[in-house]
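Here is the structure we will look at.
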Amino acid sequence: MPPKRRTTRATPATTTAPTTTVTDAQLQALIDQGVAAALAERDASRSRDGDNSHGSGTGGRRQVPTQRECTYTDFLKCQPINFKGTEGVVGLTQWVEKMESVFLISNCAITSQVKYASCTLQGMPFDVARTGEIKKLESEYWNLKELAKVERYVGGLPDMIHGSVKALKPQSMQETIEFATEMMDKKMND
């Protein structure tokens, strides 16, 4: 058997690639793109594999219908309670909680909330309600909301400062956070 012939190929010339400098911002952008692509692939994979209970089974992303704006009719279907102004603080608190629930359920836009809620106020002219009573109720509502946030925050503080912060009876989150930070710094330095 004759020996096999060898063929020779021309070796391509080697070239050196130019050195490029990547800034921190460019590097962060590349990382962000990679993470976004990985998350998109994971979501698509879950949908294809059936791991995502919201998947359509078609292998693509599920189409989420856009939400339409809440109308007054939508608001009323959630059965908001009326407020007469004679129920006192307990009645006001119940009314505020119900309004929050109704706003959430009906997807009511913030721009419509005061207008819709003012229609549940009974026993006073609408224009008076919008000026004086609504502003007073809004103020009380936001104060109650702020106090609820403060309570949740204080409840999660470590035992070593919890009692001190609670005894202060802070009225705002800003005040609570500043005092809690100050107390933690003192405890850590001692």
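Numbers at a glance
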| read-out | value |
| --- | --- |
| Count - residues of the range 31-51 that are surrounded by 10 or more Cβ atoms within 10 Å (Cβ to Cβ) and modelled with pLDDT under 70 | 6 |
| Filtered residues of the range 86-145 (kept if at pLDDT 85 or above and on the phi > 0 side of the Ramachandran plot) | Asn107 |
| Counted residues, the range 153-174 - those being exposed (fewer than 15 other Cβ atoms within 10 Å of the Cβ), within 20 Å of Asn143 (Cα to Cα) and touching a residue at least 12 places away in the same chain (Cβ under 8 Å) | 3 |
| Close pairs from the range 77-89: first without any contact (Cβ under 8 Å) to a residue 12 or more places away in the chain, partner charged (D, E, K, R), Cβ under 9 Å, at least 6 apart | Val89/Glu140 |
| Residue in the range 122-130 that is surrounded by 14 or more Cβ atoms within 10 Å (Cβ to Cβ), part of a loop (DSSP other than H, G, I, E, B) and charged (D, E, K, R) present | no |
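The values are calculated or read from the model by the stated rules, or taken from the named source; none is laboratory data. Fair warning: this is a prediction, and the values are worked out from it, not measured in the lab. Note that each Cβ is placed from the backbone with ideal geometry, even for glycine, and that neighbours are counted across all protein chains shown.
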